[in-house]
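K.L.:
Sharing a structure below in structure tokens format, with a few things to ask.
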Amino acid sequence: MSSPSTPPKRPLTLRDVSEASGVSEMTVSRVLRNRGDVSDATRLKVTEAAKRLGYVPNKIAGALASQRVNLVAVIIPSLSNMVFPEVLTSINEVLDETPLQPVFGVTNYLPEKEESVLFEMLSWRPSGVIIAGLEHTDAARAMMRNADVPIVEIMDLDGDPIDAIVGVSQRRAGREMAEAIIKAGYRNIGFMGTNMPLDHRARKRFEGFSEALADAGIEIADQEFYSGGSALVKGREMTEAILKRSPDLDFLYYSNDMIGAGGLLYCLANGIDVPGQVGLAGFNGVELLNGLPKQLATMDAERHKIGRAAAEIIAARSRGEDAPQRVELTPKLQFGDTLIRS
């Protein structure tokens, strides 16, 4: 709060930069928008004056003519799931080489939250939207269809995209993991996952996994689910619960690596032979877990490539260039030390 003797601050304007640099407001505007033919000497005077004053252009005011700002809305369901910060990093690496700046919102896997985040971000007239998943409310889909900007849905290919799409087939990933588990000789299989009605990608992997087991005449013997809390702790707790309830299980498939890591730690602490007595596998290929005593079998979700490809589509289309509408990546099965190689 300013003291009575301190004059109230006012927003800096183009006129302030004009007076400080000794050039016209129109020229200042051209320099700061990187438009028009301006000499290097004049450009330097303006940029130095703007930096000295601490002037930040009002992008919304400038957008009234172009109807767009150089922001890319990136909407993800979670920051606690390590996959999404890594996707954000890859998006940022690509956009860092362009005039575009990513801004992100988090939905906590809630459709109504995604709808409200999307509404707020589109109200700023961004240059594009990158959004996780293919399942949205009708209102969210309508907003994206009518946004007149590039929309890239990421992580999942199992559905109908609004515009461009980058990801892996989650159902195929589930099927391939089930086929590897069956081929290794496991038959009494349990599943542990997150609150899948909200996590659509985990649900689709589970569906593909279950279908492949059914094709081989195998039913999932037991299941355990959780929502919220530390994934490592939950993984330990769920593994203890399911093995005490169903001691004959010979394989545990987890919807993500973090709860799988908790399960592995429980098995190691209780003298359970992994993978001889019980095999384990997760999903995502989280590099942080490379320091565990045993490497968890998993599938690399190609999150870095997904983030880069999505950002490259937005950047290309912002330049008026052609870009692919569909980029399909293939997750790679990693046997680690917890799945017997057949």
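K.L.:
Which of rounded, prolate or oblate describes segment 192-331 when judged by the alpha-carbon gyration tensor and an a/c cut-off of 1.5? Intermediate values should be presented prior to the final figure.
P.N.:
Values: a/c = 2.46, a/b = 1.92, b/c = 1.28.
It comes out prolate by the Cα gyration axes.
K.L.:
Using +1 on the beta carbon of Lys and Arg, -1 on that of Asp and Glu, and nothing else charged, what's the dipole of segment 207-269 about the Cα centre, debye to 20? Walk me through the intermediate numbers first.
P.N.:
Values: 4 positive and 11 negative charges, 80 e Å.
Dipole magnitude for segment 207-269 comes out near 380 debye.
K.L.:
Would you mind checking the tilt of helix 200-215 against the longest principal axis of the Cα atoms of the chain, expressed as 0 to 90 degrees and rounded to 10?
P.N.:
With rounding to tens, the tilt is 30 degrees.
K.L.:
Given a Förster radius of 41 Å and the C-beta distance between D138 and T330 as r, what FRET efficiency does 1/(1 + (r/R0)^6) yield to the nearest 0.05? The partial results should precede the final answer.
P.N.:
Numbers: r = 32 Å, r/R0 = 0.78.
The computed FRET efficiency comes out at 0.80.
K.L.:
Shifting gears a bit: What distance in nm separates the two pseudo spin-label positions at L12 and L268, each 7 Å out from Cα along the beta-carbon direction?
P.N.:
Distance between the two pseudo-spin positions: 5.3 nm.
K.L.:
Grab the Cα-Cα distance for D215 and K113, subtract it from 0.36 nm times how many residues apart they are, and report the gain in nm with one decimal.
P.N.:
32.9 nm
K.L.:
Using a Förster distance of 56 Å, how high is the FRET efficiency between R187 and R35, based on the Cβ-Cβ distance and rounded to 0.05?
P.N.:
On the way: r = 67 Å, r/R0 = 1.20.
So the FRET efficiency works out to roughly 0.25.
K.L.:
For segment 283-342, what size does the Cα cloud have along each of its three principal axes, sorted from largest down, in whole Å?
P.N.:
Its Cα atoms span 49, 25, 10 Å along the three principal axes.
K.L.:
With axes computed from alpha carbons, what is the tilt in degrees of helix 170-183 against the longest principal axis of the chain, rounded to the nearest 10 within 0 to 90?
P.N.:
30 degrees
K.L.:
Okay, next question. In cubic angstrom, how much convex hull volume per residue do the alpha carbon atoms of segment 97-232 span? Working shown, then result.
P.N.:
Numbers: hull volume 20.3 nm³, N = 136.
Per residue, the Cα convex hull of segment 97-232 comes to 149 Å³.
K.L.:
Next question. Taking every alpha carbon pair in the chain, what does the distance histogram look like in 10 angstrom bins from 0, in percent?
P.N.:
Spelled out bin by bin, the chain gives 5, 22, 25, 19, 13, 8, 6, 2, 0 percent.
K.L.:
On a 0 to 90° scale, report how tilted helix 257-269 is relative to the longest principal axis of the chain, with both axes built from alpha carbons and the result rounded to the nearest 10.
P.N.:
The angle comes out at about 40 degrees.
K.L.:
Okay, moving on. Accessible area per residue of the chain at 1.4 Å probe, in Å²?
P.N.:
Values: 16800 Å² over 342 residues.
Counting only protein heavy atoms, the per-residue value for the chain is 49 Å².
K.L.:
Also, quick follow-up: What does a probe at D322 reach in segment 157-186, counting residues whose amide N is under 20 Å from the point 7 Å along Cα→Cβ?
P.N.:
163-166
K.L.:
Tell me which lysines have Cα within less than 24 Å of K234's Cα, excluding those fewer than 8 residues away on the same chain?
P.N.:
Excluding near neighbours in sequence, the set is K204, K244, K294.
K.L.:
By DSSP, what percent of the beta bridges with both residues in the chain are antiparallel, rounded to the nearest 5? Before the final figure, lay out each step's value.
P.N.:
Details: 3 of 38 bridges.
If we restrict to bridges inside the chain, about 10 percent are antiparallel.
K.L.:
What's the extension gain from T47 to E287 if we count 0.36 nm per residue and subtract their Cα-Cα distance? The partial results should precede the final answer.
P.N.:
Working: separation 240, 0.36 × 240 = 86.40 nm, distance 4.20 nm.
Difference between extended and current length: 82.2 nm.
The values are calculated or read from the model by the stated rules, or taken from the named source; none is laboratory data. The structure presented is a predicted model; accordingly, all values stated were derived computationally and were not measured. Every residue, glycine among them, receives a Cβ derived from its backbone with ideal geometry; neighbour counts consider all protein chains shown. Keep in mind that these areas ignore ligands, DNA and RNA; they rest on the heavy atoms of the full protein, side chains included. Shrake-Rupley method; radii C 1.70, N 1.55, O 1.52, S 1.80 Å.
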